[in-house]
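Trainee: Below you will find the structure I want to go over with you.
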Amino acid sequence: MPAAGHYRITEMQSDRMISTVAALQDARAIARYAASHDGGCGDVCIDRCEAEVIHNDFESWFF
């Protein structure tokens with residue numbers, strides 16, 4: 001996964017977008033939570049993209 005760019009996190013079953021963030025570590029944190037039992041999204045995918053950032057970091061997505 002390239003370290004530069006924007007990252008989109010999607011739910012694999014429905015292809016529903018969960019978020020787009022600028023930092024890979026935030027994308028991983030969101031995906032980790034979303035895939036957990038508490039997050040409730042099941043399987044998720046992280047893709048590099050050129051889409052506009054929706055959340056600045058994990059905290060802004062979570063709260």
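The values are calculated or read from the model by the stated rules, or taken from the named source; none is laboratory data. Source: prediction; values computed, not measured. Virtual Cβ from ideal backbone geometry, glycine too; neighbours counted across all protein chains shown. Remember, those area values only see protein heavy atoms, side chains included, never the ligands or the DNA or RNA. Shrake-Rupley method; radii C 1.70, N 1.55, O 1.52, S 1.80 Å.
Trainee: Hey, could you pull the Cα Rg and Dmax for the chain, both in Å?
Mentor: 10.5, 30
Trainee: While we're looking at this one, here's another question. Quick one: net charge of His55's neighbours, Cβ under 14 Å, K/R +1, D/E -1? Mind dumping the intermediate values first?
Mentor: Numbers: positive: Arg8, Arg28; negative: Asp26, Glu52, Asp57, Glu59.
Summing Lys/Arg as +1 and Asp/Glu as -1 gives -2.
Trainee: Could you do me a favour and compute the accessible area per residue for the chain, 1.4 Å probe, result in Å²? Display every interim value, and only then the final one.
Mentor: Working: 3960 Å² over 63 residues.
Result: 63 Å² of accessible area for each residue.
Trainee: Further question on the same structure: Would you compute, from DSSP H runs of 4+ residues alone, the mean residue ellipticity of the chain at 222 nm, taking -39500 (n - 2.57) per run and dividing by the full residue count, rounded to the nearest 500? Numbers along the way, then the final one.
Mentor: Working: 2 runs with 17 residues, N = 63.
Using -39500 (n - 2.57) per qualifying helix, the result is -7500 deg cm²/dmol.
Trainee: Quick one: with all protein chains in place, what share of the accessible area of the chain is carbon or sulfur, to the nearest percent (1.4 Å probe)?
Mentor: Values: 1960 of 3960 Å².
That share works out to 50 percent.
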